[in-house]
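S.K.: My structure is below; once you've seen it, I'll send some questions.
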Amino acid sequence: MHSDLARVVITERALKQRVAEMAADIVDAYAGQDGGITIVSILAGSIIFLGDLIRQLPMRMRIGLVWVSSYPGKATGARGSVIGEANLPDLQGRDVLILDDILDTGHTLRLVQDRLHGAGARTVKTAVLLRKPAKAPPDVPVEFVGFDVDDEFVVGYGLDYDGLYRNLPFIAVLHPRLYESGCPT
Ligand code: XMP
């Protein structure tokens, strides 16, 4: 294993199996909806999850990509977030499924869910690969969850630290040595 990693928490095999189960649940949830769905995937952490999941969803779909950037407020020093959109289809009257890598504080998903409701989506459901239940807030509904994980910083399968480790085929906890030089969360 990579020397920057402390331990693997979800193996490649477990990820493969669970993503297949999630795909089956999603197919069931949208059964009979001939109009198909619109997937909105939050960059960049969801890229691997998106690729693996949608190839197991035999339904009509459009795919939109968004990202959420944090910024420090210029006048007040307060921090805020802004949503960027790449190739986001018209959502009016659509059944939208948001994909994200991890539900941590819920700040990102709350922002995206509000934005998509505001864009006139008929329904908005959310699928996350990972959830930190210790922190996930009750006002951010998530219909499909891959795994609950402890409140530790995890990387791999799309999740990064300082832009690295997205390509790992498993989920791992970073070595404490990296935390000591500045906590990533
Ligand atoms: P929240 O729910 O706090 O999460 O808005 C926002 C984004 O933060 C990233 N995040 C993580 N990334 N390991 C990571 O690699 C983690 O443990 C982790 N926790 C949060 C992630 O991009 C998420 O969408």
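S.K.: When you go through (1) touching a helix residue (DSSP H, G or I) at 6+ places or on another chain (Cβ under 9 Å); (2) more than 24 Å from residue 148 (Cβ to Cβ) one by one for residue 22, which number turns out not to apply?
M.R.: Among (1) touching a helix residue (DSSP H, G or I) at 6+ places or on another chain (Cβ under 9 Å); (2) more than 24 Å from residue 148 (Cβ to Cβ), residue 22 violates only (2).
S.K.: Within the stretch 154-170, track down each residue that is assigned to a strand (DSSP E or B) and within 9 Å of the ligand (Cβ to nearest atom).
M.R.: 154, 155, 156, 159, 161
S.K.: Kindly check whether there is at least one residue in the stretch 10-17 that is buried (at least 18 other Cβ atoms within 10 Å of the Cβ) and either free of Cβ contacts under 8 Å to residues at least 60 places away in the same chain or more than 16 Å from the ligand (Cβ to nearest atom) (or both). Please lay out each step first, then the result.
M.R.: Going residue by residue through the stretch 10-17, those that are buried (at least 18 other Cβ atoms within 10 Å of the Cβ) are 10, 15.
Okay, now just the ones that are also either free of Cβ contacts under 8 Å to residues at least 60 places away in the same chain or more than 16 Å from the ligand (Cβ to nearest atom) (or both), so none.
No.
For every residue, the table says whether it meets (1) of a type in the set (Val, Ile, Thr); (2) in a loop (DSSP other than H, G, I, E, B); (3) touching a strand residue (DSSP E or B) at 6+ places or on another chain (Cβ under 6 Å); (4) within 13 Å of the ligand (Cβ to nearest atom).
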{"site": "96", "(1), (2), (3), (4)": "yes, no, yes, no"}
{"site": "100", "(1), (2), (3), (4)": "no, no, yes, yes"}
{"site": "128", "(1), (2), (3), (4)": "yes, no, yes, yes"}
{"site": "134", "(1), (2), (3), (4)": "no, yes, no, yes"}
{"site": "140", "(1), (2), (3), (4)": "yes, yes, no, yes"}
{"site": "152", "(1), (2), (3), (4)": "no, yes, yes, yes"}
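S.K.: Just one of 114, 52 is over 18 Å from residue 160 (Cβ atoms), of a type in the set (D, E, K, R) and more than 12 Å from the chain's Cα centre (by Cα); which is it?
M.R.: 114
S.K.: Please go through the stretch 40-84 and pick out each residue that is more than 14 Å from the ligand (Cβ to nearest atom), outside any strand (DSSP E or B), of a type outside the set (Gly, Ala, Ser) and at pLDDT 85 or above.
M.R.: Selection gives 52, 53, 54, 55, 56, 57, 58, 59, 60.
S.K.: If you don't mind, another one. Any residue that is among the polar types (S, T, N, Q), over 21 Å from residue 136 (Cβ atoms) and over 18 Å from the mean Cα position of the chain (by Cα) - is there at least one of those in the stretch 81-91?
M.R.: No, every residue in the stretch 81-91 fails to be among the polar types (S, T, N, Q), over 21 Å from residue 136 (Cβ atoms) and over 18 Å from the mean Cα position of the chain (by Cα).
The values are calculated or read from the model by the stated rules, or taken from the named source; none is laboratory data. Every value quoted in this text rests on a predicted model; they were computed, and no experiment measured them. Note: ideal-geometry Cβ built from the backbone for every residue, glycine included; neighbour counts use all protein chains shown.
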